Amino acid sequence: MFGLILKDIKNVRGQMLYYLVVLVVFTVVAIVSDNIYYYVGAIVFFLVALPVSAMAYDEKDNWDKFALASGMSRKQLVVARYLFSLLFYVPLWAISFIFLAVPGDLAAMETLAIIFFYGGMGFFTADVLLPLVFKMGVEKARITFIVMIVLVVAVGAGLAFLFNLETGNAVLYVSVAVFALGAICFPVSMKVSENIYKRKDF
Amino acid sequence: MTDLIKIEKLRKNFKDFSLTDVTFRVPQGVVVGFIGENGAGKSTTIKSILGLVNPDGGKIEVFGKPAAALSREDKNRIGAVLGETALPENLNLQDIDGVMKYIFTHWDTGKFFALAEKFALPKDKKVKDFSRGMRQKVSLAVALSHGARLLILDEPTSGLDPVARDEILELLYDFMQDETHSILISSHIVSDLEKLCDYIAFIHGGRIVFEEEKDVLSEKYAIWRGTYEALGEFEPGAVVSYMRGEYGTSALVLRDKMPASQPLEHAGIEDIMLYFVRGGKGQIAEVKQCLV
C-alpha cells in the first residue's frame with residue numbers, strides 16, 4: 001500500500017509544487033480580504049485534483065495492470081487512492097482552523113461554520129467523483145469533476161447568503177452536520193468504488 | 001513434471017470475441033511460446049492468468065493454486081511484462097527502485113541497477129523520455145529483479161532492434177539456467193521463439209489449435225510444393241492446409257503420411273502458423289484449408 005501511495009506522490013510532485021504556489025496565493029488573498037472562502041475553496045479543489053491527476057497518470061501508464069499482476073489487490077489499489085486524497089486534504093483542512101486566530105473579521109463563528117461546511121463539501125466531492133473515475137476512467141469523469149467544482153462554488157455562495165439571513169448557531173450546526181455526513185460517506189464511497197473495481201477487466 | 005501454469009477450458013466472452021475452452025500448461029523448467037495472430041486471444045489469456053480479467057469459466061492454476069487465490073507472495077514470484085510499458089513513466093529509474101521496494105517483498109536493488117547498466121539505461125532520466133525499446137528493457141529489468149520463478153511476457157521484444165532482442169533473449173536463457181524457472185512468452189517475432197522455446201502453444205480465433213514440443217513440430221509438419229492436381233494423390237489427412245498461387249501450390253503436410261519419394265521442406269513455426277491461419281482468407285492466393 002505504501003508503495004502505491006509513494007508512486008502517486010512521485011508522479012504528481014511536479015504539480016504539487018504548482019498547487020503549493022496557488023495555495024499560498026489563495027491563503028494570502030483570504031487573509032488580506034478577510035474571506036476564508038478563497039482558502040477552503042482551493043483545498044476542496046486540491047482534494048480531488050491531486051488523486052484525479054495521479055489516476056490519469058496511472059491510466060496512461062497502464063499502472064493498474066502492472067500492480068495487479070504484481071500482487072497488489074484490487075482493494076489495495078482503491079484504498080490507496082482514497083488515502084492519497086486524504087493525505088493532503090486532512091492537514092490542509094486542519095490548517096484552516098488557524099484562520100480563526102487571525103485578528104479581524106475571520107475570527108468569527110461564520111469562519112468556523114465555513115471551515116466545517118467546506119470540509120464536508122470536500123468529502124462529498126470526493127465521495128461522488130472517485131467512484132465515477134473508477135467506473136468511467138479519468139477522461140469521461142472530468143466533466144463531473146468540473147460540475148462538482150461549480151456546484152461547490154454555487155453552494156458556497158448559498159451559504160454566504162444564509163449567513164446574511166441567519167446569525168445564530170443554526171448555520172454552524174448545519175455545517176458540522178454537512179461535515180459529518182461527508183466524512184461518513186467517505187468509507188461508503190470507497191466500498192462502492194471497490195465493488196466497481198472488482199468487476200473491471202483490464 | 002510440475003506445472004507452473006495449468007489452464008483448463010478457460011472461457012471469456014466479450015461482445016465480439018470469445019476465448020473458448022483454452023487449455024494448455026507451462027511445465028517447470030520449460031519455455032512455452034504462445035503464438036497467434038493479432039486478436040487471437042493471447043493477451044486475454046495472459047491477462048486471465050494474471051487476474052487482470054475475470055474469466056467466465058474454466059480453471060487456471062499457477063504454482064498449483066487457483067489463480068484467483070494467489071497470495072501477494074505468490075504473485076511476487078511472477079515477473080510480468082505486459083506488452084506496452086506498464087510502469088510510471090513520469091518516474092526515473094531511481095524513483096522506480098524506490099517504489100518497487102514496497103511492491104515486491106524480494107526486490108533486489110543491486111540486480112535492478114546492474115540490469116539497467118547492462119541495458120545502458122540512464123538512472124536520472126524519466127521513463128517517458130526513453131525510446132520504446134528502452135522502456136521494454138526497463139519492464140524486463142523490473143520483471144527480473146524481484147526473485148521471480150515464472151516469467152509471463154507479452155510481446156517483450158516488440159519494438160526492439162535485433163541487437164537489443166538478442167540481449168533480452170540472452171537474459172532469458174540465463175533465467176532458465178535455474179531448472180525451477182519457467183517462461184510463458186508471446187511474440188510476433190517467431191524467430192525469437194524458435195530460438196528460445198521448448199513448447200509452442202498456438203491460439204487461433206480464441207481456441208488453442210495445438211500445444212506441442214517445438215522439436216516435435218518440425219518432425220511432424222513439412223512444406224510440400226507441387227501442382228494442385230498432385231495434392232489429390234496423397235492419402236487422406238496428409239495435407240493439413242494448402243495455398244494455391246500463381247506459380248503452383250504449396251501445402252503444410254504431415255511428414256509421416258507423405259510418400260517417402262516426395263521432396264519436403266522444413267516447416268518453421270511461422271509457416272505452420274501461416275498455413276493454419278490463412279485458410280480461406282487469402283486474397284492473392286486462393287486458400288483452402290482442410291484441417292486434419
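The values are calculated or read from the model by the stated rules, or taken from the named source; none is laboratory data. Because the structure is a prediction, the values reported are computed rather than measured. Neighbour counts are summed over all protein chains in view; Cβ atoms, including those assigned to glycine, are modelled from backbone coordinates with ideal geometry. Each accessible area value is taken on the protein alone, full model and side chains, heavy atoms only, with ligands, DNA and RNA left out. Shrake-Rupley method; radii C 1.70, N 1.55, O 1.52, S 1.80 Å.
Details
- Distance in nm between pseudo-label sites at A:Asp34 and B:Lys118 (7 Å out along the Cβ direction from Cα): 7.0 nm
- Label-point gap, in nm, between B:Glu211 and B:His188 - each point 7 angstrom along Cα→Cβ: 2.5 nm
- B/A buried area, accessible surface, summed, 1.4 Å probe, Å²: 2400 Å²
- Size descriptors for segment A:2-198: radius of gyration and Dmax over Cα atoms are 17.5, 57 Å.
- The heavy atoms of B:Asp215 present about 90 square angstrom of accessible area, all protein chains included, probe 1.4 Å.
- Stokes-Einstein diffusion coefficient of the protein assembly as shown, Kirkwood radius over Cα pairs, 4 °C, 1.567 mPa s, in µm²/s: 50 µm²/s
- Other protein chain C-beta atoms within 10 Å of residue C-beta, averaged over B:48-55: 4.
- Sequence-distant lysines (8 or more away, or on other chains) whose Cα lies within less than 22 Å of B:Lys118: B:Lys101, B:Lys126, B:Lys128, B:Lys137, B:Lys195
- Measure of compaction for chain B (Cα Rg per 2.2 N^0.38 Å): 1.11
- Of the peptides B:134-140, B:244-250, the order by per-residue mean of other Cβ atoms within 10 Å, starting with the highest, comes out as B:134-140, B:244-250.
- Over segment B:42-143: Kirkwood hydrodynamic radius from C-alpha pairwise inverse distances, Å: 14.9 Å
- Restriction of the chymotrypsin sites (Phe, Trp or Tyr not before Pro) in segment B:1-109 to DSSP coil positions whose beta-carbon has at most 14 other beta-carbons within 10 angstrom yields B:Phe14, B:Phe17.
- Taking every DSSP beta bridge that has both ends in chain B, the antiparallel portion is near 70%.
- Potential extension, B:Arg278-B:Glu179 segment - 0.36 nm per residue separation minus Cα distance: 31.9 nm
- Per-residue [θ]222 nm for the protein assembly as shown (sum of -39500 (n - 2.57) over DSSP H runs n ≥ 4, rounded to 500): -17000 deg cm²/dmol
- Here the calculated FRET efficiency for B:Gln94 and A:Ile184, from their Cβ-Cβ distance with R0 = 56 Å, stands at 0.85, rounded to the nearest 0.05.
- On chain B, 47 percent of the accessible area sits on carbon and sulfur atoms, based on a 1.4 Å probe.
- Apportionment of accessible area to carbon and sulfur, chain A, percent (1.4 Å): 75 percent
- Averaged over peptide A:69-78, the number of partner chain Cβ atoms lying within 10 Å of each residue's Cβ comes to 5.
- Available extension along the chain between A:Val90 and A:Val21 is 23.0 nm, counting 0.36 nm per residue and deducting the alpha carbon span.
- Using the 1.4 Å probe convention, the accessible area of the protein assembly as shown works out to 44 Å² per residue with neighbouring protein chains retained.
- Accessible-area loss of 50 Å² or more (1.4 Å probe, protein heavy atoms, chain alone versus all protein chains) is found in segment A:1-37 for A:Lys10.
- Sparse packing (at most 10 other Cβ atoms within 10 Å of the Cβ) combined with a DSSP loop state is found for the following GluC sites (Glu not before Pro) in segment B:116-182: B:Glu179.
- Dipole of chain B, positive direction: furthest Cα of B:Leu169, B:Ile96, B:Ile35, with charges on the beta-carbon: B:Ile96
- In this structure, A:Val153 and A:Tyr173 have a Cβ-Cβ separation that, at R0 = 30 Å, corresponds to a calculated FRET efficiency of about 0.85.
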